[in-house]
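Asks: Let me give you the structure first, and then I'll get to my questions.
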Amino acid sequence: MRVSDPASGAQAAPLPAHLADGVFPAGCPSRTVLDHITSKWGVLILVALSEGEQRWSELRRRAEGISEKMLAQTLKTLERDGLVQRTAQPIIPPRVDYSLTARGHELSALLLPLVAWAFENADEILNDQR
């Protein structure tokens with residue numbers, strides 16, 4: 001069964017059966033990964049890093065409203081998941097750069113259309129709620 005959008009004519013392909021049987025059970029590890037990458041801050045950090053290597057302060061400016069604690073936690077989680085690489089420079093004052101790994105680049109390429117869609121449709125969606 002395909003899901004279609006009559007307004008645009010767009011059709012979404014169904015989730016392959018072997019994936020559907022795996023992602024919906026409560027204990028599926030993909031749920032943990034999805035939680036990490038689709039969190040509010042996870043998406044923003046991954047999209048920001050898709051533009052290239054950045055320092056802590058640059059990421060904090062880009063993800064306006066993120067606390068230092070949440071930025072540290074999000075970066076640590078994405079690094080542990082193998083999506084972000086942290087490179088500490090042996091200089092004084094200390095310098096740490098963050099960049100996407102190959103897997104992070106692959107993921108950000110999938111997230112960019114989602115973020116663009118959200119941006120393009122946000123006003124209309126929020127206005128329809130009134």
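The values are calculated or read from the model by the stated rules, or taken from the named source; none is laboratory data. As the structure is a computational prediction, the values presented were derived from the model and not from experiment. Glycine also receives a Cβ, built like all others from the backbone with ideal geometry; neighbour counts cover every protein chain displayed. Each accessible area value is taken on the protein alone, full model and side chains, heavy atoms only, with ligands, DNA and RNA left out. Shrake-Rupley method; radii C 1.70, N 1.55, O 1.52, S 1.80 Å.
Asks: Can you name every residue in the stretch 38-54 that is at pLDDT 95 or above and open to solvent by 90 Å² or more (accessible area, probe 1.4 Å)?
Replies: Within the stretch 38-54, Glu51, Glu53 meet the criteria.
Asks: Report, by residue number, each residue of the stretch 91-102 that is touching a helix residue (DSSP H, G or I) at 6+ places or on another chain (Cβ under 7 Å) and exposed (fewer than 11 other Cβ atoms within 10 Å of the Cβ).
Replies: Passing the criteria: none in range.
Asks: Answer yes or no as to whether Ala88 is open to solvent by less than 90 Å² (accessible area, probe 1.4 Å), closer than 25 Å to Thr32 by Cβ and without any contact (Cβ under 8 Å) to a residue 60 or more places away in the chain.
Replies: It is false that Ala88 is open to solvent by less than 90 Å² (accessible area, probe 1.4 Å), closer than 25 Å to Thr32 by Cβ and without any contact (Cβ under 8 Å) to a residue 60 or more places away in the chain.
Asks: Something else about it: Determine the pairs where a residue that is open to solvent by 50 Å² or more (accessible area, probe 1.4 Å), located within the stretch 103-127, has a partner that is of a type in the set (Gly, Ala, Ser) and at pLDDT 95 or above with Cβ atoms under 9 Å apart, the partner being 6 or more residues away or on another chain.
Replies: Arg103/Gly82; His105/Ser50; Ala109/Ser50; Leu112/Ser50
Asks: Give the stretch 84-115 a look and list any residue that's hydrophobic (A, V, I, L, M, F, W, C), in a strand (DSSP E or B) and modelled with pLDDT of 95 or more, or say none.
Replies: Within the stretch 84-115, Val84, Leu100 qualify.
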